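J.: Okay, here's the structure, questions in a sec.
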Amino acid sequence: MKEECAITSDIKRFKKKKKILELLNITDREVASIQSFSPEGKKYISQFINEFYEWMPEVQEFKILFNRPEIVEEVKSKQSHYWEEVFDCKIDEDYVESRLKVGKLHAKINLPLSSYMAGMSFSSDWWISKVNETVKDNVSLVRALNKVMLFDANIICAAYNQASNDLIEEQNQTLMQLSTPTIQLWEGILVLPI
């Protein structure tokens, strides 16, 4: 039987927004600081994405996986939506589910976790620099953005982990089937090696 992803299990227990925010250890004041920055932050999403994709070729796996313009354009659109959700800061089951999908997709295309984390590091540095440039008294906002980005990374890493566990389980099942040959003599009568 396949085990549930720990994050999925946590979300089932923390269905209410308040409980999820407690899991995040993010205060109402920090949520409010992200939401108040949202209109300003959303203005910079396009600039962030352009600079992110200028930086991406420095990571070999990104160069290989995102080598066609149509793929890059599709991913840019999804990434734009991702950051809009961060700044809306409506952290609920749908938010968490969207992060799980990101993790599953990254695992499916075999993006190494280290490359994903390099991208998150770039993103964190970029957004914190932008906040420092544009917002006075930004400690609460920086703290909140860090918490949300770490929470996202946690969910996405859990999805990677779950995908790896699923693959191992599938491979084990295949090996078990291959290592136990059976011959059907008659209907309902099988011969197994001893």
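The values are calculated or read from the model by the stated rules, or taken from the named source; none is laboratory data. The structure presented is a predicted model; accordingly, all values stated were derived computationally and were not measured. Every residue, glycine as well, gets a Cβ built from its backbone with ideal geometry; the counts of neighbours run over all protein chains shown. Accessible surface is based on the protein model in full, side chains and every heavy atom, while ligands, DNA and RNA are left aside. Shrake-Rupley method; radii C 1.70, N 1.55, O 1.52, S 1.80 Å.
J.: Grab the Cα-Cα distance for Q171 and E187, subtract it from 0.36 nm times how many residues apart they are, and report the gain in nm with one decimal. Provide the component values of the computation, followed by the final result.
T.: Working: separation 16, 0.36 × 16 = 5.76 nm, distance 2.88 nm.
The Q171-E187 span can extend by a further 2.9 nm.
J.: Also, quick follow-up: What whole-number value in Å² describes the accessible area per residue of region 85-183 for a 1.4 Å probe?
T.: Ligands and nucleic acids excluded, the figure is 55 Å² per residue.
J.: Right, here's the next one. Could you give me the percent of Cα pairs per 10 Å distance bin for region 41-194, shortest bin first, beginning at zero and ending with the bin that holds the maximum distance?
T.: 9, 32, 28, 12, 8, 7, 4, 1, 0
J.: Continuing with the same structure: Highest first, please rank the peptides 40-53, 144-157 by the mean number of other Cβ atoms sitting within 10 Å of their residues. Before the final figure, lay out each step's value.
T.: Numbers: 40-53: 15.4, 144-157: 20.1.
Ranked from most to least packed, the peptides come out as 144-157, 40-53.
J.: Sticking with this structure for a sec: By how many nm would the segment from S164 to W126 lengthen if fully extended, with 0.36 nm per residue of separation less the alpha-carbon distance?
T.: Working: separation 38, 0.36 × 38 = 13.68 nm, distance 3.01 nm.
Value of the extension gain: 10.7 nm.
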